[in-house]
Amino acid sequence: MELKVLVLMLLLIASKYALSENESMSGEVINLDKNRWQIIIKDDNNDTTISTTFRSWWYVKISNIDTCDFSMITIKGEGFTGARFAMPVYSYDSENWIPLHHNEITNMTKSSCNRRVCYNYQITKKFSKKEVYLARHFPYRISDLYKFLKKYQRDRWLKIDTIGYSPAQLPIIELTITNINISDKKKCRILIHSRTHPSETMSSFVIEGLIEALLNPKNQQILDELIFNIIPIVNVDGVAYGLSRNNLKGQNLEESWFKLELDNYFLDDKCPDEIYIIHSNYIKYTQIDPKIIAAINIHSFNPQYYQKPYAFIFSNFFNWSKYEEKGKSLWIKQAKFLKFLNEEYCSPVLGRTNPKMTSTIDKKDFPESWWWVNFKDEIMAVTLESSPEQICANGPQRSDIANKLLGQALATALYKYFLFLKSINFGSALNIESTSDLFQYWEQVESEVYLK
């Protein structure tokens, strides 16, 4: 038996709960009357102190449906508005998902949940089977990842490793993708991690598209010159147990890169287990060849009423005066990467920043904070956010497919970014001829809604 097949089998066995019928499911279903139900959305770990804006995931099964009549299902306690901005999907087998039509989502009302603002809305639809699965948007479970990877189990350019175990003893895996016939020392390295927040399922579709593109023989040149290390699901416990934002210990992993005061290269003991695992893995790569040129942190977001539902990158360095020359150089590199994404993708990808942000990135506890403090502009660390409303204007109208296409665009954009770095000898970006074309994609926002 090939080692990769064995690894996949062991991962499947190790994730017994993640592969159960209840994987990623969340929400209480109450049968009110014939063909009338309520879905009550849960707080992560029943913690009522967290903001309802982070209570954005539900995934349930409804049975005993009368297929001769319309079903009326009320969603109660969601942190984001319904109607235009909720994109629920349904399935009769929990595998093949279909988006509901906007006309089937009505009666959005503002409400109060334990003194916090939340929203209710209603789904009205005639289903063709007596049992249906419903979810806030396209689910993406750990089992979906393993089924996807099984397609590539005999691809010699894909390597699968377990780099640690979550508090619930689920494996955290890393994928290494490169041309193994060429020495890694002749390449550059790109680090990518995703699903820090479990409800952000669109980021997993981006990862799928990225892997498909990298393992496409037409793109061999990318793997001749680059090595990709991808952690597809950081918060495996949260994904398995159907949480929205935190892990099982109530920790927001995105804001838990707590640096040691005396040596910012290392993290404090109070960091969550999952972050220790990711950080230790990244530490290893900073100490060996090849050179790391980018660290991409993939998320997805629920658009507010005033936001465009486009993918975006978030930069703390748009107002680079706070960060001097190296901050400006890093922003130029991020902006170049954004330009390459827009050249490759079927829909706009925006650049966003917060002009009212008072503290600098080094004072925060994001992964990008750690990269900046230790490596400045040597490594382009940036967050890429996709959306469950993401569609292509002249292409697929399904957000799962559109986000896979974003992943495919990401593969080519990162290769273009690598070629750009080669053109400046992997140094500062301050001396490029012009930056005027880099501002066209940027929006400045005045709220912290985009900050993770």
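The values are calculated or read from the model by the stated rules, or taken from the named source; none is laboratory data. Only a predicted model underlies this, so the values are computations on that prediction, with no experimental measurement involved. Ideal geometry is used to build each Cβ from the backbone, glycine not excepted, and the neighbour counts take in all protein chains shown.
Structure summary
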quantity	calculated
Filter result (hydrophobic (A, V, I, L, M, F, W, C) and either in a strand (DSSP E or B) or in contact with a His (Cβ under 6 Å, 6 or more places away or on another chain) (or both)) within the stretch 225-259	Leu226, Ile227, Phe228, Ile230, Ile231, Val234
Strands (runs of 3 or more DSSP E) completely within the stretch 84-147 that count 3 or more residues being of a type in the set (A, V, I, L, M) and crowded, with 19+ Cβ neighbours inside 10 Å	132-135
Lone qualifier among Leu32, Leu19, Leu8 - being at pLDDT below 85 and touching a strand residue (DSSP E or B) at 6+ places or on another chain (Cβ under 9 Å)	Leu8
Some residue of the stretch 198-206 being surrounded by 23 or more Cβ atoms within 10 Å (Cβ to Cβ) and on the phi > 0 side of the Ramachandran plot	no
Check on Ile182, surrounded by fewer than 18 Cβ atoms within 10 Å (Cβ to Cβ), outside any helix (DSSP H, G or I) and not assigned by TED's automatic domain parsing to the domain that holds Asn96	yes
Strands (runs of 3 or more DSSP E) enclosed by the stretch 341-448 - at least 1 residues per element that are surrounded by 20 or more Cβ atoms within 10 Å (Cβ to Cβ)	349-353, 380-386
Cys271, sole failed condition from (1) of a type outside the set (D, E, K, R); (2) part of a loop (DSSP other than H, G, I, E, B); (3) in contact (Cβ under 8 Å) with a residue 60 or more places away in the chain	(3)
Pairs with Cβ under 7 Å, 6+ apart, first in the stretch 38-56 and within 15 Å of Ser111 (Cα to Cα), second β-branched (Val, Ile, Thr) and in a helix (DSSP H, G or I)	none
Residue under evaluation Ile313, criteria (1) in contact with a strand residue (DSSP E or B) (Cβ under 6 Å, 6 or more places away or on another chain); (2) in a helix (DSSP H, G or I), criterion not met	(2)
Test for Leu330: is it among the aliphatic types (A, V, I, L, M), part of a helix (DSSP H, G or I) and either under 19 Å from the mean Cα position of the chain (by Cα) or surrounded by fewer than 17 Cβ atoms within 10 Å (Cβ to Cβ) (or both)	no
Which numbered condition Trp57 misses (of (1) modelled with pLDDT of 85 or more; (2) part of a loop (DSSP other than H, G, I, E, B); (3) surrounded by fewer than 18 Cβ atoms within 10 Å (Cβ to Cβ))	(3)
Of residues in the stretch 161-179 being assigned to a loop (DSSP other than H, G, I, E, B) and of a type in the set (A, V, I, L, M, F, W, C), the one surrounded by the fewest Cβ atoms within 10 Å (Cβ to Cβ)	Ala168
